[in-house]
Structures are given as structure tokens and as C-alpha cells.
Amino acid sequence: MSDIVTDYKNGIYNADSGYEGGGVASIYIIRDEGRTAIVDTASRAALEPVTRAMRDMGAESGSVDYIFLTHVHLDHSGGAGAFVKEFPNARVVVHKRGARHVIDPEKLVRGAAEIYGAKTFDRLYGKVLPVPEDLVVTAGDGDEFRVGNRTIVCMDTPGHALHHLAFLDARTNGVFTGDAFGMSYLELRNQSGTGVMLTTSPVQFDPEAMEASMRRIESLEPEYLYLTHFGRAARADIASSLYRQLERYTELAGSVNGDLEEIRAGLKDIYAAERELQDCPCFTDSSCRVMRVAMELNAQGLALWYGKTLKNK
Ligand SMILES: [Zn+2]
């Protein structure tokens, strides 16, 4: 098996998409009875490692029945339009509120280019291809899909985004959590544990919905969660750190009236504390590239959320 693929020995594989240099965005490949499904697509460039991984495991391109998108943020959906060209039988499963954005990615592209800047956007995504409408299957809570003899169940899990789905693999009781249950980049892992960071990135972060979605996923008592960023994590290792961060982040945003500069400064303090609590040096290591980006996105998302809550008061 190629070095970019982790085999969890249960018919689930993690192929590193190579996004941001690797260790950042997983693409999960689910196999059963000769059929295949893919969870999330990172960017268009991820097609190469995914097709290589599938070749290594003897999965034909025609065996892909579904591409499940947890949500349409481009680091999850950006490759979908390219993937459907490669996998002739694949349909793209996406939340009904997200469907129009994969059919016409223009708005997503503009939004992401604004957040990342044009140069970084080009490096990360290049040209984002649309998914033809007849290949899009809209899904909502409780909808089920068959992959061989496995059943994948959709869970409506807002909080990170309004249109976020998590996918339960009924056979293993594992949940593909997208961005609904934190991020644990490879850089955040060390010998002693799994460093985990909550994501509050723009533009739809909603702390109450996020907590409710996390509690709901927890209520299924999955032993393992399959995070898009990055790899499989034991639920018991990460849940309490995420609830703690959620509380601290929202307290911070409130205490500084949503001021972006002050949120940036306050997040640094929160991560200094997380470094100790999680025994994870990366939280304060300025050379951790992905951490810097994630921290900035969290700051922007928190400021935006706070501004919205003020308006609604
Ligand atoms: Zn996202």
C-alpha cells in the first residue's frame, strides 16, 4: 500500500490529499464487496493521490458509487467536480443547503479567495470545476446510502456550517465528522496523544449548534471519529478538549466585544494553555504553518459570529 494511505483494517482507508503539503486533509475511501465510496475531496489536486491509492488497493474507478461531502467549504468539496470526471458512476451526496454551491461554485470561489487572498487561493485550489446537476444527490438527516453491504447514514450536524453533514458507518459505528468535531492535523499529534483544535472558521460558525452536533455524535458512542483534518481519532481522547475550547473561544469573543485584533491576541493565550493541557507544543510553535492559518480563520469566524449575535439582540 502506498505511503500516503493508512489502512484502518475495517474497509476504511485514509488517503492523504496532499493539501497544504500533507497531513492536513484526509480523503476517506470506504470499501465493501467491490464497491467504493469517498468522503470529502480536498482540492482538485487530490485526485492524483486518490486514484493512486485506489489503484494500490485494486479498486476500479467504476466502483465508486458515492462521493460524500461533509460540507461545501472548498478544502472539502473543491475536488468534487474533477472527481466525477474520473469516477464515471459516482454521484455526489451533499446537504440540500449546500447543493447549489457544488453545481455552481462561483460564490464559494469568491468567498474563499477573499479569505485566503488570490495568490494563496490559486495555489490551494486552482480552477474549481462544477459538478453537473444530474450527478448531485441532496441529502438530509437520516438518509441512508448503500456501499456494498455497508450502510452510511447522514446526520445533520450544523455549527461549523449550516449545511454540514456527518456520516455514520453503521458497520463500525464510526463517524466521518468533517469539521463538526474538531481538527487534529498531523502536526498536532505527538507520541503522548492527539492534539485537537476546534474550528470556528467563517462564515456560519454557531457555538450552540456546534455543541449540540457534538453531543449528538457523542450520543452514538462511536469509539472512533474520522476527522477530515486529519485522520482517525479516538473520541475519548478529543471530546473534552473541544468542549473546553468552545467555551473559552466564545467567552473571549464576548469579553472583547468581538474585536478582531483582541480575539487574535486572546486566542494566543488560549492556545498557550492548550499547549500545556494537551501536552502539544505545536499550539504555540509559530513555525507550524497550518496552525497559523487555522488560528487566523478561527479569529475571523469568532469576530463574525459575535457581530451577528449583536445585530440579533
Ligand atoms: Zn469547513
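Each reported figure results from applying straightforward, stated rules to the coordinates on display, with no laboratory input. Keep in mind it's a predicted model, so treat the numbers as computed, not measured. Glycine also receives a Cβ, built like all others from the backbone with ideal geometry; neighbour counts cover every protein chain displayed.
Observations on the structure shown:
- Given their separation in residues at 0.36 nm each and the Cα-Cα distance between them, residue 310 and residue 272 gain 10.8 nm when the chain is fully extended.
- Computed over segment 5-238, the convex hull of the alpha-carbon atoms projects to a mean area of 11.3 nm².
- Antiparallel bridge percentage (DSSP; both residues within segment 25-72; nearest 5): 55
- By the rule of a C-alpha distance below 17 Å, with chain neighbours fewer than 8 residues away ignored, the lysines paired with residue 107 are 96, 127.
- Derived scalar couplings ³J(HN,Hα) [segment 68-77; Karplus, 6.51 cos²θ - 1.76 cosθ + 1.60; whole Hz; x for Gly, Pro]: 8, 9, 5, 6, 9, 3, 5, 6, 10, 10
- Computed from the C-beta positions of residue 151 and residue 262 and an R0 of 35 Å, the FRET efficiency is 0.15 to the nearest 0.05.
- Looking at the chain, the DSSP beta bridges with both ends there are about 70 percent antiparallel.
- Taking 7 Å steps out from each Cα toward its Cβ at residue 170 and residue 122 produces label points 4.8 nm apart.
- 3J(HN,Hα) couplings calculated from phi for segment 185-201 with the Karplus curve 6.51 cos²θ - 1.76 cosθ + 1.60 (θ = phi - 60°) are, in sequence order, 3, 3, 5, 8, 9, 9, 5, 8, x, 10, x, 9, 10, 6, 10, 10, 5 Hz; Gly and Pro show x.
- Two tests apply to each whole DSSP H helix in the chain, Cα reach of 27 Å or more along its axis and mean Kyte-Doolittle hydropathy of at least -1.0, and the ones passing both are 235-255, 289-312.
- Distance between modelled label sites at residue 234 and residue 57, nm, 7 Å Cα→Cβ extension: 2.4
- The HN-Hα couplings worked out from phi for segment 154-160 by the Karplus form 6.51 cos²θ - 1.76 cosθ + 1.60 (θ = phi - 60°) are 7, 10, 6, 9, x, x, 6 Hz, whole numbers, x standing for Gly and Pro.
- Modelled label positions at residue 133 and residue 292, each set 7 Å beyond Cα in the direction of Cβ, lie 4.3 nm from each other.
- Fully extended contour minus Cα-Cα distance, from residue 251 to residue 190, at 0.36 nm per residue: 19.1 nm
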